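To start, the structure itself, in structure tokens.
The values are calculated or read from the model by the stated rules, or taken from the named source; none is laboratory data. Treat the numbers as computed from the prediction; the structure is a model and nothing was measured. Counting neighbours? That spans all protein chains shown, and the Cβs are built from the backbone with ideal geometry, glycine included.
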């Protein structure tokens with residue numbers, strides 16, 4: 001009898017991780033994003049490296065230490081001793097989104113830093129969550145006497161006034177007729193792990209689309225559609241990228257799905273014209 005020991009593709013592995021919202025391994029799924037770019041990456045080794053960091057951190061704090069002491073120890077360890085922080089010199093480098101690169105360089109973008117920080121925070125039994133704050137991912141920790149909101153790019157704790165100030169450009173751009181600004185608390189709701197993963201992927205999507213790197217863009221869109229199978233705009237974007245690569249048949253299939261599911265979309269006519277062009281070229 002032959003045994004089948006086929007190694008799953010990076011996309012199959014990612015798919016196996018993100019099936020359930022109840023048991024969503026955020027760090028492992030985030031680390032696996034790099035496998036398209038680094039096929040030899042050992043994700044389990046990355047998880048082991050993080051476990052070692054957590055073990056070092058735990059040795060610094062008594063098990064019965066209050067939450068504020070644990071938070072201070074974590075931030076001292078993460079931002080000061082290990083010197084994790086934002087990559088201000090090359091913010092749009094795709095490597096900033098890859099956990100294994102972050103562990104080596106100690107530089108990344110807010111959301112990747114947040115994913116690593118959250119793993120350590122939860123390992124310290126802190127009630128920490130990510131926040132999909134507009135334009136800049138944040139983290140928060142619930143403490144007995146309130147909550148702390150932090151910028152993982154710098155390690156800075158932010159007051160309500162500072163958070164409101166960061167929202168001003170958004171409010172000015174999207175001014176409402178009644179001049180009523182949404183309450184700050186609306187932006188401080190915890191982000192689900194699936195949505196954190198989606199934001200990481202859309203960061204990469206934005207970079208690769210600007211670079212017109214169609215192959216890498218398609219790989220990211222494949223993952224987004226595993227994550228959100230009913231996200232019809234991702235079918236449109238993958239179809240357009242496939243068309244740029246000359247994969248007309250696959251492009252047509254994706255654009256047809258989009259047009260069938262997004263009949264009221266503003267770009268419906270433009271996408272239909274692109275689909276017609278592809279069909280004419282194939283005939």
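For the reader, a short list of remarks on this structure follows.
- Any chance residue 248 is in contact (Cβ under 8 Å) with a residue 12 or more places away in the chain, over 24 Å from residue 13 (Cα atoms) and touching a helix residue (DSSP H, G or I) at 6+ places or on another chain (Cβ under 6 Å): yes
- Subset of segment 82-94 that is closer than 20 Å to residue 46 by Cβ and without any contact (Cβ under 8 Å) to a residue 24 or more places away in the chain - its residue that is nearest to the chain's Cα centre (by Cα): 93
- Set side by side, the residues 103, 57 differ, and just one is touching a helix residue (DSSP H, G or I) at 6+ places or on another chain (Cβ under 6 Å), farther than 28 Å from residue 203 by Cα and not assigned by TED's automatic domain parsing to the domain that holds residue 198, which is 57.
- As for segment 167-184, it holds at least one residue that is under 25 Å from residue 121 (Cα atoms), at pLDDT below 90 and assigned to a helix (DSSP H, G or I).
- Segment 128-146, residues that are loosely packed, with under 13 Cβ neighbours inside 10 Å and within 20 Å of residue 70 (Cα to Cα): 144, 145, 146
- Restricting 149, 139 to those that are assigned to a strand (DSSP E or B), more than 26 Å from residue 229 (Cβ to Cβ), at pLDDT 90 or above and under 16 Å from the mean Cα position of the chain (by Cα) reduces the list to 139.
- There is no residue in segment 128-135 that is assigned to a loop (DSSP other than H, G, I, E, B) and either more than 24 Å from residue 209 (Cα to Cα) or modelled with pLDDT of 95 or more (or both).
- Residue within segment 18-31 that is under 16 Å from residue 222 (Cα atoms) and free of Cβ contacts under 8 Å to residues at least 12 places away in the same chain present: yes
Rundown of residues vs (1) modelled with pLDDT of 95 or more; (2) over 14 Å from the mean Cα position of the chain (by Cα); (3) under 22 Å from residue 195 (Cα atoms), yes/no style:
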site	(1), (2), (3)
98	yes, no, yes
108	yes, no, yes
115	yes, no, yes
144	no, yes, no
153	yes, yes, yes
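- Residue in segment 34-51 that is at pLDDT 95 or above, closer than 30 Å to residue 146 by Cβ and surrounded by 15 or more Cβ atoms within 10 Å (Cβ to Cβ) present: yes
Residues checked against (1) at pLDDT 95 or above; (2) loosely packed, with under 13 Cβ neighbours inside 10 Å; (3) under 20 Å from residue 214 (Cα atoms):
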site	(1), (2), (3)
232	yes, no, yes
237	yes, no, yes
261	yes, no, no
264	no, yes, no
271	yes, no, yes
274	yes, no, yes
278	yes, no, yes
283	no, yes, no
